[in-house]
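Visitor: Attaching a single structure in structure tokens format; questions to follow.
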Amino acid sequence: MPIPGRVDGVDAAPTGVQRKGLISAHVLNRRVAPLRVEVAASRTASSVRGRLAEDLRRLCGDAGVSQDALSRAADVPQGFISRILAGNARPSIETYAKLASAIGADLSARLYPNTGPTIRDRHQARILEGLLRQLHPRWQVFTEVAVRNPARGWIDAALHEDRERKLVATEVQSDLRRLEQLLRWSREKADALPSWAGWSRLGEEPDVSMLLVVRRTRATQQLAREFGRQLRVAYPAHPDDAVSALTGVVPWPGSALVWARIDADRVRLLSGR
């Protein structure tokens, strides 16, 4: 997705028309995010209902229970059961529980960790904006990169350097909660980049690397000290080399963790581990 206010990767002062466009884009983004969640939720719910209908159909067949008998036992209208089995109804959890009880089945619902929340706090958005502002023009930026296989989720930004054939999956974090989950998600989403819709537009297949930008606070520094070995295994390149590559023309050193500090409205990428 193009970055407003950048022309061929170079910051440019927005004109009046551009400013109006930026405001429109901001309003549009506020609408798109909930819409994206709604679409994803609809697809997930439809898939779950389909699996439950198949389970119900199979269990009734195995037990020789007709729709009429199930309707009487569960106190659910036969016509509604028919619509459930056809995938044309949206029964409540209570209805599923009644049907399951009537055929001697257990009903279970769980939330499984996937690829991390799409919710971004104000610090993350500010750090990402600061990072993009400091990038050298040689980097082509894609934000909110959707990957689908084998992991499903969104990468905060993908930085592409055509000459080096590098694609850097960039995640921004304002804290380091659930560190092991963060490391796993980041790796899985980076590995899933070939499933991104924009992958084919990059030309020759790039070498995928990772960048983790973390807000520097006492809490995050303490966690980094406590789990330093794990972080160095996941992000072995030195932060100074990564910063030099992001802001200049030196080669990208490989997967790296870079600290960021927010001072008032200014974001600085820090040197040192």
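Visitor: Full-extension gain between A89 and R57, please, as 0.36 nm times their residue separation minus the C-alpha to C-alpha distance.
Guide: 10.1 nm
Visitor: Report the FRET efficiency, 1/(1 + (r/R0)^6), for R122 and D241, where r is their Cβ-Cβ distance and R0 is 25 Å, rounded to 0.05.
Guide: The formula returns an efficiency of 0.25 here.
Visitor: Now for a separate question. Multiplying the sequence separation of F227 and V39 by 0.36 nm and subtracting their Cα-Cα distance, what value in nm do you get?
Guide: Difference between extended and current length: 63.9 nm.
Visitor: Shifting gears a bit: With N set to the residue count of region 131-261, report its C-alpha Rg divided by 2.2 N^0.38 Å to two decimal places.
Guide: 1.01
Visitor: With a 10 Å Cβ neighbour count serving as the proxy for reagent exposure, in which order, fewest first, do D75, D263, D156 appear?
Guide: Arranged by neighbour count, lowest to highest, D75, D263, D156 become D263, D75, D156.
Visitor: Moving on to the next point. Using 0.36 nm per residue, how much length does the chain from R110 to R133 gain when fully extended, once their Cα-Cα distance is taken away?
Guide: Result: 4.2 nm gained on full extension.
Visitor: Residue by residue through region 202-215, which ³J(HN,Hα) values in whole Hz follow from phi under the Karplus form 6.51 cos²θ - 1.76 cosθ + 1.60 (θ = phi - 60°), with glycine and proline marked x?
Guide: 7, x, 4, 4, x, 7, 8, 10, 10, 9, 10, 9, 10, 5
No lab work stands behind these numbers, since they all come straight from the coordinates. Just so it is clear, the model here is predicted, and its values are computed rather than measured. Don't worry about glycine lacking a Cβ; one is built from the backbone with ideal geometry, like all the others, and counts go over all protein chains shown.
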